[in-house]
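What follows is a short report on a single structure.
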């Protein structure tokens, strides 16, 4: 390469072969790498085989430093090739059934709220009820009611709370969090498909946990215009 002339080839300083500029990795600055991609790949493979533990630590450190970049790259890939991740995941589960079951079992044990979210989202889809609530919303709802069943008034961990639809899906209710109240399994089973809202009684007995800033008091109506119908809002004083 001579000064004042334009060329599309570049010589690798390791193998001394000429490649197009696309055959070299780019640095953060203007100048490119002096070693071609093939030689760089062979060097990385040699280092990986010589000390695999050190290589894994190096890769993990790089991923921590470039987490936003990797997330954007994965998002772009998922949008450009929809369904690719699901296809690879299904292929892995089919080829590793025992390991897949163990991974699922470990995840469910450490993320019980996510299991609640997945099950009720599936029920909502089957009932064509539209949206469902998230695990974060379910945890927030249990905190609001102090992890207590609104019917028998027992609290976790002596019981296990489950989401109950105030208006059941069977009767046209939705799966969103405004239609959910925490009940224990026994009380949820006894309620069955009845339309029973136990939230007003609890809210009137614990007003300090349900006070907002502005609005009106008919928050128990699921069709009201308040974003969160679980929040009692006092009349504003002029």
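Every number in this text was worked out from the coordinates using simple rules, so none of it is lab data. Nothing here was measured: the structure is a model prediction, and the numbers come from that model. Cβ atoms come from the backbone with ideal geometry, glycine included; neighbour counts cover every protein chain shown.
What FRET efficiency would be calculated for the residue pair residue 155, residue 193, taking the C-beta separation as r and a Förster radius of 35 Å, to the nearest 0.05?
It comes to 0.85.
Could you check the simple spin-label distance between residue 16 and residue 201, using points 7 Å along Cα→Cβ, in nm with one decimal?
Each label point lies 7 Å from its Cα, and together they span 9.0 nm.
Suppose R0 equals 22 Å; then what is the FRET efficiency for residue 71 and residue 115 from their Cβ-Cβ distance, rounded to the nearest 0.05?
The value I calculate is 0.30.
With no solvent and one equal point scatterer per Cα, compute the Debye intensity ratio I(q)/I(0) for segment 42-169 at 0.16, 0.20, 0.22 Å⁻¹ and report its log10, rounded to two decimals.
-1.14, -1.30, -1.31
What is the distance, in nm, between label points placed 7 Å from the Cα along the Cα-to-Cβ direction at residue 122 and at residue 34?
With each label placed 7 Å out from Cα toward Cβ, I get 5.9 nm.
What list of whole percents do you get for P(r) of segment 110-197, with Cα-Cα distances grouped in 5 Å bins up to the one holding the largest distance?
Result returned by the calculation: 3, 16, 27, 27, 20, 7, 1.
Please work out the Cα center distance from segment 56-128 to segment 137-163, rounded to the nearest Å.
Value for the Cα centre distance between the two parts: 28 Å.
Normalised by the residues of segment 110-197, what does the relative contact order come to in percent, with Cα pairs under 8 Å and at least six apart?
So the answer I get is 29 percent.
Rounded to the nearest 0.05, what FRET efficiency do residue 146 and residue 186 give with R0 = 25 Å and r taken as the Cβ-Cβ distance? Could you check?
0.85
Quick check: residue separation of residue 63 and residue 98 times 0.36 nm, minus the Cα distance between them. What number comes out in nm?
Residue separation times 0.36 nm, minus the Cα-Cα distance, leaves 9.7 nm.
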